[in-house]
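Accompanying notes for the structure given below.
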Amino acid sequence: MDTILSALNESQLEAVKKIDDPILILAGAGSGKTKTITSRLAYLVGAVGIDPANTLTLTFTNKAANEMRERALSLLRNADLKVIYPPLLCTFHKFGLLFLKFHINRLERKNNFIVIDSDDKKRILKSFEIEMPTSVVSNEISHYKNSFLTPELAKEQAGSKQYEMIASLYERYETYLLQNNLVDFDDLLTLTYKILDKDAKLCEETSRRYQYIMVDEYQDTNDLQYKLLKKLCFAHSNICVVGDDDQSIYGWRGANIKNILEFPQMFDNTTIIKLEYNYRSTDEILRAANELIEHNRSRLGKVLKSTKGKGKEVQFMESPDENAEASAVAMRVKKLIDNGVNPKEIAILYRINALSRSLEEGLNRMHIPFKMVGGVKFYERTEIKDLISYLRIIINPHDDFSLLRIINRPKRGLGKVTIDKIAYLADSAKLSIYDFMRKNMEIIKETASKKSYEKLIEFLEGIESVANINSSYDLIDEIERTFGIRRYYKELPDSIERTLNIDEFFGLFRDYIKQNPQATIDMFLNEIALQSEQDQIDGDSINIMSVHASKGLEFEHLFVIGMEEGFFPLIGESNDMEEERRLGYVAITRAKKELTLSYSASRFYKGRRTDLTKSRFLNEAGVCGGGLIIEKNSEFKKGDLIKHKIFGIGRVTEVTKIKKECKLRINFGGDKRDILSTFVEKI
């Protein structure tokens, strides 16, 4: 344990050894937050003697959870400390899944539910033959659920016909989920919170079980996650959150930056610890990042300091248009690769996906292999969704959603009219489609052609046959032998990519069963439903992605294109300039060694060529002149938390300018005093 602690800097050590009461660790980009979290977990278990079962560490991606778990266990092994079972370290949604498996019966629901992803959700909504985009309806339903609005309340609060329609679809969607024993991603947390809120005794028991809670990437939490954490802290206040307010970039997705900015007010007796030493980037890169983010007003404040020392100046690249930009970037990338740089250490970022078109063409012209992070995800590909639907039907033949997807794939000669009629008759008889077909094939015989009728009989017998296979490992091969999904896709024009994807899925399934001999099929399905796009990053190609997709990643050589007003920052009524600036900060701090910021004088966008001006961020980061200039945040503002060497901690309630000085009205726990700003410091 001494070896573990000796590897930490002063701030990290303070964070690790601070055990009780709320802790806010402000971890700047590249400041070793993962090392701090895992060391703290190892310290709790290996030095303090906390039972691993009494700890809970929550993250946002499976990749981060797996990495942290392995690093924490490795630290304990290296310290010759034996752990009988690992601490629970998972995503918020995985925690919700585990909790619901034990307690969803309290809502009078069965625990053999299946988790559906966003694509499944949209397909269900699309099956209702709605007139508006499914993505709009899907997002509104998520908003309703995260705001704890029932379909009835949503109807009451609908202020227009459009919202009345969405509320009605919400009601149909919820009924569909209940009938098919499905839960969506929002349910994993909303239902968990609902159970804990409803049952105070269970809430206390759960809180006492998880006596030490840690949360990674706390700046990305939303209101529901905050409320869930408050429930988990029902019986104690031992919560340690790690995050960076300067990297809060998911406001559009529901993340609430106030969760981290106001953490000290939400959890009493909070200790704030700042991790400001950066182990990733050079002085020059961090100077640009620090200068840019200083222009934001709403931040707790910290300054990143490099441990890497000096490096190359941040490069500025100017092109006449997007095609010239793409060619210039591709040439620089090729030169790096020719000089021996690993392609995986090169990335190109953009603020909006529309900019990727010319970039892809430029890379293709130079024959540079690239991986687009955030394109069509593996598990959302048509052929993979088909395989998943077959697995779902094998374990639950009454899953109408999955059955309708595959009833005519591979083709069985069934037309839409025939399928719709079967679904209608099944609904009228209050039976699942599978049940209806098993009991009423004579009725279907009158509707379908002889060949289709025979194919349906074969399909139903195939489901029963595969369901009786005892070996999970052999199941996937039996599905292929019986239904021939791979054979079907092999005959299509784009067969090579599709069959490779199918082969990858087959291998993934077999490997999962081999690694988890006791696993059931629904466990496998729920596990892959929790995968995120960043879990798929691997290989020997360069990476191109949006800035949002780059969060949490790092690269030796980084290019950021589209540094123009209107593109980065993106300007519009719904855009928050401070969040745009945080996006810029995130982009810059992905670079370890070399950073190039690219500006194009014009772009062909939305049907016409547009002349553009340099992004204000280039000026604010000290990279080049031009663009709009915003005054740096060097002054105190109302609401700032400050510290005085005599009066302690207080909050600024009023700011008055006196020439070059500021007089602050500060509330020190009820004792209000007027003090000059030079005598206090921000917390």
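Derivation of every value follows stated rules applied to the coordinates shown; laboratory data play no part. Note that this is a predicted model, so its numbers are computed, not measured. FYI the Cβ positions are ideal-geometry reconstructions off the backbone, even for glycines, and counts take in every protein chain you see.
Could you tell me which of rounded, prolate or oblate describes the stretch 134-291, using a ≥ b ≥ c as the square roots of the eigenvalues of the alpha-carbon gyration tensor, with rounded for a/c under 1.5 and, failing that, prolate when a/b is larger than b/c and oblate otherwise? It would help to have the intermediate numbers written out before the result.
On the way: a/c = 2.65, a/b = 1.47, b/c = 1.81.
It is oblate, given that a/c is not under 1.5 and a/b is not larger than b/c.
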Using only Cα atoms, tell me the angle between helix 416-428 and the longest principal axis of the chain; keep it within 0 to 90° and round to the nearest 10.
90
My understanding is that a pair violates if its Cα-Cα distance is over 27 Å; which of Lys385/Lys445; Lys18/Lys645; Lys201/Lys274; Lys122/Lys514; Lys305/Lys643; Lys110/Lys551 do that in this structure?
Lys385/Lys445; Lys201/Lys274; Lys122/Lys514; Lys110/Lys551
Under a straight-distance cross-link criterion of Cα-Cα below 19 Å, which aspartates and glutamates are reachable from Lys439, leaving out those fewer than 8 residues away in the same chain?
Asp399, Asp400, Asp420, Asp427, Glu454, Glu458, Glu461, Glu464
Lys and Arg at +1, Asp and Glu at -1: neighbours of Asp120 with Cβ under 12 Å from its Cβ sum to +2
How high is the relative contact order of the chain, in percent, with contacts defined as C-alpha pairs under 8 Å that are six or more residues apart?
16
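Checking the a/c ratio against 1.5 first, then a/b against b/c, what shape does the Cα gyration tensor give for the stretch 396-463? List each step's numbers first, then the result.
Numbers: a/c = 1.35, a/b = 1.13, b/c = 1.19.
Here the stretch 396-463 falls in the rounded category.
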With everything on Cα atoms, drop me the angle between helix 62-78 and the longest principal axis of the chain, reported from 0 to 90° to the nearest 10.
70
Please report Rg (one decimal) and Dmax (integer) in Å for the Cα set of the stretch 109-160.
12.6, 38
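Per-residue counts of other Cβ atoms within 10 Å, averaged by peptide: what ranking do you get for 345-358, 20-33, highest first? Don't skip to the end; give the middle numbers.
Working: 345-358: 20.7, 20-33: 23.3.
Ranking, from highest mean packing down: 20-33, 345-358.
Over the Cα atoms of the stretch 1-48, Rg to Rh with Kirkwood Rh, two decimal places? Write down the numbers at each step before the final one.
On the way: Rg = 10.1 Å, Rh = 10.9 Å.
Expressed as Rg/Rh, it is 0.93.
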What are the aspartates and glutamates whose alpha-carbon lies under 15 Å from the alpha-carbon of Lys312, with same-chain residues fewer than 8 places away excluded?
Asp283, Glu284, Glu556, Glu594
Kirkwood hydrodynamic radius (C-alpha pairs) into Stokes-Einstein, the stretch 125-225, 37 °C and 0.692 mPa s, D in µm²/s
212
Crossing angle, helix 134-146 versus the chain [Cα axis fit, 0-90 degrees, rounded to tens]
60
Just one of (i) 18, 48, 22, 5, 5, 2, 0; (ii) 13, 34, 30, 18, 5, 0; (iii) 15, 45, 34, 6, 0 is P(r) over Cα pairs in 20 Å bins from 0, in percent as worked out from the coordinates here. Which one is it?
(iii)
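D for the stretch 24-160, whole µm²/s, Stokes-Einstein with Kirkwood Rh over alpha-carbon pairs at 20 °C and 1.002 mPa s: what number?
Values: Rh = 18.6 Å.
Using the Kirkwood radius from Cα pairs, D works out to 115 µm²/s.
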